[in-house]
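Colleague: My structure is below; once you've seen it, I'll send some questions.
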Amino acid sequence: MNAVAVPAPTSRPRDAVEVVRVLVLLQAATLVVSTLEGWIALGFGGGVAGAPMVLLTAIACGLTFAAVSGIGRRAAWARRLTLVGAGLGLVVAVIDLGLSLVMTGQGLPLVAILTRLLLPVAVIAILRDATVRAAFRVPTTQEVAR
Amino acid sequence: MNLPLFHGGSVTIAEASVGSPLYDIAPEHVGAIVAVLLMPVAAWYVRLGASRGSRRAQTLLAGYDRLPTADRIAAWLIAVSAVVHLALIGHGPAATKALFLADAIALAWVARRLVLGRPWRLPAVVVLTGSVAAWWAAAIGGEPPDQVAIATKLVEIVAITLAIAPRTPGRLKGLASTSATVALVFVTALAGWIGSFAAAAEGAEPGQGHHGGAAVAPGTLLTAHPGRDATPEERAAADQLVADTRRAIAKYANPAVAAADGYDVAGLAGLGFHAGNPLYEHDGRILDPERPETLVYADTREGPVLLGAMFIMPKAHLPGPAVGGPLTPWHAHEQICIGLLPPSLTGLVSPLGGCPVASIAVPLTPEMIHVWTVPGAPQVFGDLDEAWLKEYLATARG
């Protein structure tokens, strides 16, 4: 493999990776809200039975913030983590969409379509793009040595 | 539509129901969605104009083509917000129309600066933040938020985040930018909740709860009121339902008896504990006082107090029989989050569209109606006044 020198970045490129970072940051912020909403719901009839879901949401929130940070540094693990998270979220959203269509004959509310369907689809599509994938390339040992 | 009752006869059922504006699109906002969907046509028109030699279109197109990806996205998002505000200037009072128009012009000006390569970040942050904050004020002031409003605010927040993204690496800069985005999203969700519940509380009489406000509270779906008084026959039927229910469930004052008949009283706690009976939920009987699907208890220091029963229809979309006409309003719940680990209520679908992790969003529940049998209850159907209940439990129960 030909090793190519990677200069230390002096400015953040305004590329598609930056767009993904912002979109994943929005997801992280919505998870902060979900965690608080779930915690409040525990006191309004949800009971302790809902505690595992709130805990999982808090963990997902922490992982998403870690992914935001990793994407900013073009870390390969952050790309993989984001793909897994967006994929899982998309699966649940599709289940909810199916439930909504079966039970009400209507799709999801507009905001849910944006935040739970279009946003993860956009994140996955950008992260799977060949150019973006190359930006997350793990440096060769020679690059690391330099 | 008529529905047969288990004990013979039939009753008229409600045909329509009303939910919270939070999960809906206000009719006057539909035009904004259409306008946004037409934006690609406008973009195509600019390209067409450029190909036909329009200097202005060529300048815009050349500027846009020079932009990096993130700035192109920012330009589109700001333009979306401008178009939404422009599409809304036909509605509301004159002051609101003027504000929407000013916002649309300012946003279009910022988008144009961005495309033409002029400094745009600071103007964008000022205009977009002003737009978001103005909506916060309106929502917290009691204007019920809808899906178009919240979606537009999220679009603006993404545009702000792109504008404030640090241009050079730096931990502090990154932290400040991230914190700003989280704060904007958090306050937007909070304003959504406050606006929805404030609109529901506006004009409600004490004790009416989610049945009495100018708008329906989030998560609740009310059957449409027939807009008339109850007939003597309906009053008699409603009284009969209460009397039959009171007599039939008296034995369940002892939760152990209820448990023996299949009610899930485990974990009884709080002022409105609902003990369901899965055996009665799909037994083919509707509004049977002998077999209510749920009992409602309050847990007190002196022990559990039976407050009444809740009848549930066997499936969603099946309207409950309005035996007492306007006296017996059924309700359902919409957009609730059900956790899967274990199955439990984890809240309402957020204004931001989500539920906690490992939860699914249930769009609609079967219809249900409470019958309060506790002595002296100010309401026998609908919501029980919580202030009255606390006073009752403190005095009548010693």
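Bear in mind these aren't lab numbers, they're just calculated from the coordinates by the rules spelled out. Since we're looking at a predicted model, the values are computed, not measured. Positions of Cβ are backbone-derived with ideal geometry, glycine not excepted, and every protein chain shown enters the neighbour counts.
Colleague: Let me have the 222 nm mean residue ellipticity of the protein assembly as shown computed from DSSP H runs of 4+ only, each contributing -39500 (n - 2.57), with the sum over all residues rounded to the nearest 500.
Modeller: Dividing the helical sum by the residues of the protein assembly as shown leaves -17000 deg cm²/dmol.
Colleague: Once you have the alpha carbon radius of gyration of chain B, what is it after dividing by 2.2 N^0.38 Å, with N set to its residue count?
Modeller: On the way: Rg = 27.1 Å, N = 398, 2.2 N^0.38 = 21.4 Å.
Dividing the Cα radius of gyration by 2.2 N^0.38 Å gives 1.27.
Colleague: Starting from the eigenvalues of the Cα gyration tensor, five times each then square-rooted, give me the equivalent ellipsoid semi-axes of segment B:91-152, largest first, whole Å.
Modeller: Sorted largest first and rounded, they come to 25, 13, 10 Å.
Colleague: While we're here: Name the shape class, rounded, prolate or oblate, that the alpha-carbon gyration tensor gives for segment B:277-398, where a ≥ b ≥ c are the square roots of its eigenvalues, rounded holds for a/c under 1.5, and otherwise prolate holds if a/b is larger than b/c and oblate otherwise. If you can, show how the numbers build up before the last one.
Modeller: Working: a/c = 1.81, a/b = 1.29, b/c = 1.40.
Cα axes put segment B:277-398 in the oblate bin.
Colleague: Determine, from the Cβ-Cβ distance of B:L318 and B:L279 and an R0 of 22 Å, the FRET efficiency 1/(1 + (r/R0)^6), rounded to the nearest 0.05. Show your work: numbers first, answer last.
Modeller: Details: r = 19 Å, r/R0 = 0.87.
About 0.70, to the nearest 0.05.
Colleague: Next question. Using a 10 Å cut-off around each Cβ of peptide A:93-105, what is the average number of partner chain Cβ atoms that fall inside?
Modeller: Working: counts 4, 0, 2, 10, 2, 1, 5, 5, 1, 2, 8, 5, 3.
Neighbouring Cβ atoms belonging to other protein chains average 4 per residue here.
Colleague: Hey, can you rank B:260-270, A:118-128, B:339-349, B:362-372 by average C-beta count inside 10 Å, highest first?
Modeller: Taking the mean over residues of other Cβ atoms within 10 Å, the ranking is B:362-372, B:339-349, A:118-128, B:260-270.
Colleague: Can you tell me, using C-alpha contacts under 8 Å and at least 6 residues apart, the relative contact order of chain B as a whole percent? Provide the component values of the computation, followed by the final result.
Modeller: Working: 683 pairs, mean separation 65.1, N = 398.
Answer for chain B is 16 percent.
Colleague: Bin width 20 Å, origin at 0, all Cα-Cα pairs of the protein assembly as shown: what percent of pairs per bin?
Modeller: 19, 46, 26, 9, 0
Colleague: List every residue whose amide H lies under 5 Å from the amide H of B:L221, counting only residues 5 or more places away in sequence or on a different chain, with H placed 1.01 Å from N in the peptide plane.
Modeller: It is B:A332, B:H333, B:E334, by chain and number.
Colleague: Can you name the helices of chain B, as whole DSSP H runs, whose Cα span along the helix axis is 20 Å or more and whose Kyte-Doolittle mean is not below -1.0?
Modeller: B:69-87, B:94-115, B:121-140, B:147-164, B:171-201, B:232-249
Colleague: Shifting gears a bit: Show which aspartates and glutamates lie in cross-link reach of B:K390 when reach means a straight Cα distance below 12 angstrom and same-chain residues fewer than eight apart are skipped.
Modeller: Within the straight-line limit of under 12 Å, B:K390 reaches these aspartates and glutamates: B:D299.
Colleague: Hey, with R₀ at 30 Å, roughly what FRET efficiency would B:T96 and B:E202 work out to, going by the Cβ-Cβ distance, to 0.05? All intermediate terms of the calculation are to be shown ahead of the outcome.
Modeller: Details: r = 18 Å, r/R0 = 0.60.
That pair, B:T96 with B:E202, gives E of 0.95.
Colleague: Pull up the DSSP beta bridges for chain B and report the antiparallel fraction as a percent, rounded to 5. Walk me through the numbers on the way to the answer.
Modeller: Numbers: 37 of 37 bridges.
Within chain B, antiparallel bridges account for around 100 percent of the total.
Colleague: Under a cut-off of 22 Å between alpha-carbon atoms, report the lysines in cross-link reach of B:K97, not counting same-chain residues fewer than 8 places apart.
Modeller: Result set, ordered by chain and number: B:K153.
Colleague: Taking B:K251 as the anchor, which aspartates and glutamates have their alpha carbon closer than 12 Å to its alpha carbon, excluding any fewer than eight residues away along the same chain?
Modeller: The reachable aspartates and glutamates, counting only those whose Cα sits under 12 Å from B:K251, are B:D261, B:E290.
Colleague: Can you check how the C-alpha radius of gyration of segment B:214-260 compares to 2.2 N^0.38 Å, as a plain ratio?
Modeller: Taking N as the residue count of segment B:214-260, the ratio is 1.74.
Colleague: I've got another one for you. Can you give the relative contact order of segment B:80-177 as a percent, counting alpha carbon pairs under 8 Å and 6+ residues apart? Don't skip to the end; give the middle numbers.
Modeller: Numbers: 69 pairs, mean separation 23.6, N = 98.
So the answer I get is 24 percent.
Colleague: Hey, got a sec? Which GluC sites (Glu not before Pro) in segment B:232-335 land in a DSSP loop and have at most 16 other Cβ atoms within 10 Å?
Modeller: Of the GluC sites (Glu not before Pro), the ones in loops of segment B:232-335 whose Cβ has at most 16 other Cβ atoms within 10 Å are B:E290, B:E302.
Colleague: Here's something else I'd like to know. Pop out the ³J(HN,Hα) list for segment A:77-84 in order, Karplus 6.51 cos²θ - 1.76 cosθ + 1.60 with θ = phi - 60°, rounded to Hz; leave Gly and Pro as x.
Modeller: Calculated HN-Hα couplings, in order: 4, 5, 5, 5, 4, 5, 4, 5 Hz.
Colleague: Evaluate peptide B:164-170: per residue, the Cβ atoms of other protein chains within 10 Å of its Cβ; return the mean as an integer.
Modeller: Details: counts 1, 8, 3, 5, 4, 7, 1.
Per residue, the average neighbour count from other chains is 4.
Colleague: Another question, if that's okay. Round to a whole angstrom and tell me the spacing of the C-alpha centers of segment A:43-101 and segment B:272-351.
Modeller: Segment A:43-101 and segment B:272-351 have Cα centres spaced 31 Å from each other.
Colleague: Binned at 5 Å from 0, what are the whole-percent values of the Cα-Cα distance distribution for segment B:159-302, short to long?
Modeller: Pairs per bin, as whole percents: 2, 7, 10, 11, 11, 12, 12, 9, 6, 5, 5, 5, 4, 2, 1, 0.
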